[in-house]
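Below is one structure, written out as structure tokens; comments come after it.
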Amino acid sequence: RFKGLVTARPSTLIENGKLCRKAMLEARLTLDELVTELRQNGYSDIDEVLYAILEKSGKITIIPKAKYAQPTCQQLNISVKESGIFHIIVDNGTVNDHGLSTVGLTRAQLYQKLKKRGTCTKDVYLMMISDSGEERIITKKEAS
């Protein structure tokens, strides 16, 4: 966010790869701040950007030109499964019961999963399970 700025309406800072100086001045936004924001969003050249809009919240929305946009799986005709989000199951050796119930596991099932992997809850730094059942385990030994 920029200088605690909350605007009355969105401001177009870049349009078709061209800077809008007046909007930049009105927003009290420096070129360095704008270019930094572009880089942090994966764009190294203003010419790659169709629009950069300073939203009312103070955040900048960047819309790339079509030739610079990342292709989607749909555009590439690739079928993918939704993985959902990951839920914390074990946090620094402590079982998160809410996470367990969210993914539909009991403590007994969790202990069995960990035993199969040759570990136990006290040795787990972080365990997460996604809505689709993918598991991520980082032991305390791996995290140090």
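From the list 118, 93, which residue is outside the structural domain of residue 23 (by TED's automatic domain parsing) and in contact with a helix residue (DSSP H, G or I) (Cβ under 6 Å, 6 or more places away or on another chain)?
On the way: 118 fails: in contact with a helix residue (DSSP H, G or I) (Cβ under 6 Å, 6 or more places away or on another chain).
The match here is 93.
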Quick test of your reading of the structure: residue 50 fulfils all but one of (1) modelled with pLDDT under 95; (2) farther than 30 Å from residue 139 by Cα; (3) in contact with a strand residue (DSSP E or B) (Cβ under 8 Å, 6 or more places away or on another chain). Name the failing condition by number. (1)
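Kindly indicate whether residue 45 is closer than 27 Å to residue 22 by Cβ and not basic (Lys, Arg).
Here the answer is yes, as residue 45 does meet what is asked.
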If you take the residues of the stretch 93-108 that are β-branched (Val, Ile, Thr) and under 22 Å from the mean Cα position of the chain (by Cα), which of them is nearest to residue 130 (Cα to Cα)? 103
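The values are calculated or read from the model by the stated rules, or taken from the named source; none is laboratory data. Predicted, not measured: the structure shown is a model, and the values here were computed from it. When we count neighbours, we look across all protein chains shown, and the Cβ atoms used for this are built from the backbone with ideal geometry, even at glycine.
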